[in-house]
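The values are calculated or read from the model by the stated rules, or taken from the named source; none is laboratory data. Please read all numbers here as calculations on a predicted model, not as lab measurements. Using ideal geometry, Cβ is built from the backbone for each residue, glycine included, and neighbour counts are taken over all protein chains shown.
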Amino acid sequence: MQGRELRGELDAFLAETEQGLRAFRRDLHRHPELAFAEYRTTRLIAERLTAAGLHPSVLPRGTGLTCEVGSGDGPTIALRADIDALPLQDEKEVAYRSTVPGACHACGHDVHTAILLGTTLFLAQQADAGLLPGRVRLIFQPAEELPGGALEVMAHGGISGVDRIFGLHCDPRVDVGHVGLKTGPITSACDKLAIRVSGPGGHTARPHLTADLVFALAKILTELPAALSRRIDPRSSLSLVWGRVEAGSAANAIPDGGLAEGTVRCLDENAWHAAPDLIKALLESVAGAYGVEATMEYSRGVPPVVNDEVSVQMFAEAAARALGDGSVVPTQQSLGGEDFAWYLESIPGAFARLGTRSPETDVTYDIHQGTFDVDERCIGVGVRLMAHTALTALWEGKRVSEVSEEHPLAELF
Ligand SMILES: [Zn+2]
Ligand SMILES: [Zn+2]
């Protein structure tokens, strides 16, 4: 792959801006805003971009924004950060502790935002100097935690015309200066399921005159997970687990209604797509056998983030250039969900794990905890990584399109 050495230019850029970016992160940390309420955060980002001569476009709800740098007819690459905080209490004793009760940047989205702001400002300088072989769309996405922000961005054309997209997430188990990469699925899917059953009730002395609904519901509770495990590839690790069951109120009365709720978790994209129809068909056959009516409400969460191989290579090459050989470490698929997955359902791209652990201490934080914090050197590292990744993807995209223009069949060989 092609690319240009940016290290010297990034050294100079960060010498001037890194302290400011850390201060920006701390400001966001002090004033966290929950999903679809990121008005102040959006305004602060927009002000910084506008001051740099850019033209950000705020999403219609007033939270989240996109901005484009570069011009011409080269490829378009998108970089995405999420900007929302979590509804939990900040438990840290630091100067930049959250000032909002019950809200905390405990997933590191303040860090992601500061990194993307720095990357945007650097890429804008490159564009001004005529050094961007295409366009870069910067997506400051609201509401990752809800989730729903990615779909909001996409509904308003946020990735239309984009050839490839990249994002990153803080990983407190990886030392700062390192980047975790993995081809294929890197996060998991999690959906919710509610089943309601109904049928004639009656006395437990005469179950044959009723639908014997509690018995039928018990069959559904055990048969559905069992049948699923035989109908879906076991490598997908799809699991249906019940968390709530309700039926009846007396020992000798068969009720006429009942409810079961649970979650469906899954590591594999194909199995995730197949799950609702398959569960519905299994439900109908089990319920039908016992003569009860059953309805299902299936609420989609997010699909797994499935990293494209070429995009991961671009990330790896950019990391080696930006941070040195040995900076890339393998990472595993997590059981958590991440709505970046929605972008990758439409366009290729990759999601990286950015090391935020301080190697000088023996403390390892975890995300979604009120104690979560990062080694702020990860901000400069993130800017270097994302700037190199955007440039690597632009140059490579341009090279591939030129080769295929010269030789229409070139991509086949
Ligand atoms: Zn989170
Ligand atoms: Zn997060």
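Side notes on the structure shown:
- Qualifying residue in the stretch 102-115 (condition: within 16 Å of ligand 2 (Cβ to nearest atom), in a loop (DSSP other than H, G, I, E, B) and at pLDDT below 95): no
- Residue identified as at negative phi and among the small types (Gly, Ala, Ser) among Gly102, Gly118: Gly118
- Taking the numbered list (1) under 16 Å from Lys219 (Cα atoms); (2) surrounded by fewer than 16 Cβ atoms within 10 Å (Cβ to Cβ); (3) modelled with pLDDT under 95 in turn, Glu284 passes all entries but (3).
- Candidates Gly74, Gly20, filtered to the one that is small (Gly, Ala, Ser) and in a loop (DSSP other than H, G, I, E, B): Gly74
- Test: Thr389 is among the β-branched types (Val, Ile, Thr) and farther than 30 Å from Ala12 by Cβ: no
- Looking only at the stretch 59-115, and only at residues there that are within 29 Å of Leu10 (Cα to Cα) and surrounded by fewer than 17 Cβ atoms within 10 Å (Cβ to Cβ), the one that is nearest to ligand 1 (Cβ to nearest atom): Ala95
- Residues satisfying the stated conditions in the stretch 323-334, i.e. away from ligand 2 (no atom under 14 Å from the Cβ) and either surrounded by 15 or more Cβ atoms within 10 Å (Cβ to Cβ) or part of a strand (DSSP E or B) (or both): Leu323, Ser327, Val328, Val329, Pro330, Thr331, Gln333
- Taking the conditions (1) surrounded by 16 or more Cβ atoms within 10 Å (Cβ to Cβ); (2) in contact with a Pro (Cβ under 8 Å, 6 or more places away or on another chain); (3) over 26 Å from Ala318 (Cβ atoms) in turn, His29 satisfies each one other than (2).
- Filtered by the rule that a residue be free of Cβ contacts under 8 Å to residues at least 24 places away in the same chain and of a type in the set (S, T, N, Q), the stretch 45-65 gives Thr50, Ser57.
- Selection from the stretch 170-206 of residues that are out of contact with any helix residue (DSSP H, G or I) (no Cβ under 6 Å at 6 or more places or on another chain) and closer than 24 Å to Leu282 by Cα: Ser188, Cys190, Asp191, Lys192, Leu193, Ala194, Ile195, Arg196, Ser198, Pro200, Gly201
- Members of the stretch 116-157 that are under 26 Å from Thr392 (Cα atoms), surrounded by 24 or more Cβ atoms within 10 Å (Cβ to Cβ) and not hydrophobic (A, V, I, L, M, F, W, C): Gly118, Thr119, Thr120, Gln141
Rundown of residues vs (1) aromatic (Phe, Trp, Tyr); (2) assigned to a helix (DSSP H, G or I); (3) at positive phi; (4) touching a residue at least 60 places away in the same chain (Cβ under 8 Å), yes/no style:
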residue	(1), (2), (3), (4)
Val241	no, no, no, no
Val264	no, no, no, yes
Gly291	no, no, yes, yes
Met296	no, no, no, yes
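- Taking the criterion of being closer than 11 Å to Pro172 by Cα and within 16 Å of ligand 1 (Cβ to nearest atom), the residues of the stretch 349-367 that qualify are Arg353, Leu354, Thr356, Tyr365, Asp366, Ile367.
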